[in-house]
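Read the structure below first, then the notes.
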Amino acid sequence: MKNLFIRKPDDMHIHLRRGEVLTNVLLFTSNIFTRAVVMGNLQKPIITAKNVISYRMEILKQAPKFKPIMSIMLVNSTTAEIVKNAYLAGAKALKLIPENTSINSTDGVSLIDLEKFYPVLKTAQELGMIFSGHWELNRHPLKEFIPELKREVAAISYLEKLIHDIPGLKIVVEHISTKEMIEFIKRAPKNVAATLTAHHAVLTIDDVMDKNGKIVNPYNYCKPVPKSDNDRKAVIEAMTSGNPKFFFGSDSAPHLIVKKESLKPPPGIFSAPVALPLLCQIFKTNKALDKLEKFASEFGAKFYGLELNKEKIEITRREWIVPSQHADIRIFMGGEKLSWSVV
Ligand SMILES: [Zn+2]
């Protein structure tokens, strides 16, 4: 088995945090990926042009050659004017995390209220911005609670309505985790695509929770939660299919061990250190290594309207054991063996 050379990849969905955590995690991404779509659901969320500029500066100070693709969060105070200014400051994506479906999303716009934000979304469309969304519905309009495993499928009708109402909007449905959503994306028009993570190709709900919904492994806990084995297989099938609607977004989301070990562990898996070797392993196992470059390095850039990266990266056939942690953050698959390496 020879080494592999592919065009340098882009990570089309990542959480890099700020301050000390940013310092500790950034190089795992910037050494491998030319670009990454950086999510702004920080403790103080990225919602304006000013926020975009200062966050980008903080990232570039530590990794000057890295090309962060900036985003702003859609929150209840977002206006068309704010979106326009953020775009002019370099934001390429407008990000929806509906209220309380993930970390730092208490002010996120509910899917039920999305219509109120159509003027904002139309502005994003006119500017050519990507509407990047975490599509989960946690409560029905009458407020009944929806269990975690059903939230992604419950969001599909809202997504369908948006596609119908604003047909020109470029939509990326992030980190999809169910066969139903994958099938929906396949049928949807060309301006609708999805990112897939590596961890949803590896985990099922049994790796995260017991039958009563109690979290048994906080380090495998993420949103949306991994689903059944059939869903996991559908993720692999979509990722290795060569369909340009599916591209890589790690959703790597670091949390300190002390928080992960607490009574209410926050969702998020720190997968950046294993992202490319793990993808390589998944594609190899599924006899699709020839499709890896398109999935990790081409389809995302094309959908975002970006030039393809010119440099190549070598992925070496070399076994290594993933270290269990880095700077008080547990690494996904720590202690396990991977057969490919990028260092
Ligand atoms: Zn995310």
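The values are calculated or read from the model by the stated rules, or taken from the named source; none is laboratory data. No experiment lies behind these values; they were computed from the predicted model shown. Quick reminder, even Gly has a Cβ in these numbers, built from the backbone with ideal geometry, and neighbours come from all protein chains shown.
Summary of values
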{"quantity": "Residue count, the stretch 141-199 (criterion: under 20 Å from G249 (Cα atoms) and acidic (D, E))", "calculated": "4"}
{"quantity": "Test: residue in the stretch 120-141 that is hydroxyl-bearing (S, T, Y), within 16 Å of the ligand (Cβ to nearest atom) and under 18 Å from V172 (Cα atoms)", "calculated": "yes"}
{"quantity": "Lone qualifier among T23, T34 - being over 18 Å from I82 (Cβ atoms) and under 17 Å from the mean Cα position of the chain (by Cα)", "calculated": "T34"}
{"quantity": "Residue match in the stretch 300-308 (condition: surrounded by 15 or more Cβ atoms within 10 Å (Cβ to Cβ), modelled with pLDDT of 95 or more and part of a strand (DSSP E or B))", "calculated": "no"}
{"quantity": "Any chance A188 is crowded, with 23+ Cβ neighbours inside 10 Å and not charged (D, E, K, R)", "calculated": "no"}
{"quantity": "Failed item, numbered, when A234 is tested on (1) of a type in the set (G, A, S); (2) within 16 Å of the ligand (Cβ to nearest atom); (3) out of contact with any Pro (no Cβ under 8 Å at 6 or more places or on another chain)", "calculated": "(2)"}
{"quantity": "Unmet criterion (only one of (1) surrounded by 24 or more Cβ atoms within 10 Å (Cβ to Cβ); (2) assigned to a helix (DSSP H, G or I); (3) in contact with a strand residue (DSSP E or B) (Cβ under 9 Å, 6 or more places away or on another chain)) for H200", "calculated": "(3)"}
{"quantity": "Boolean, K44 is surrounded by fewer than 18 Cβ atoms within 10 Å (Cβ to Cβ) and either of a type outside the set (S, T, Y) or within 15 Å of the ligand (Cβ to nearest atom) (or both)", "calculated": "yes"}
{"quantity": "Matching entry among H200, H255 (being over 21 Å from T34 (Cβ atoms), within 16 Å of the ligand (Cβ to nearest atom) and in contact with a Gly (Cβ under 6 Å, 6 or more places away or on another chain))", "calculated": "H255"}
{"quantity": "Residues satisfying the stated conditions in the stretch 1-20, i.e. assigned to a loop (DSSP other than H, G, I, E, B) and among the basic types (K, R)", "calculated": "K2, K8, R17, R18"}
{"quantity": "When residues of the stretch 26-52 are limited to those that are touching a helix residue (DSSP H, G or I) at 6+ places or on another chain (Cβ under 6 Å) and assigned to a helix (DSSP H, G or I), the one nearest to S71 (Cα to Cα)", "calculated": "V52"}
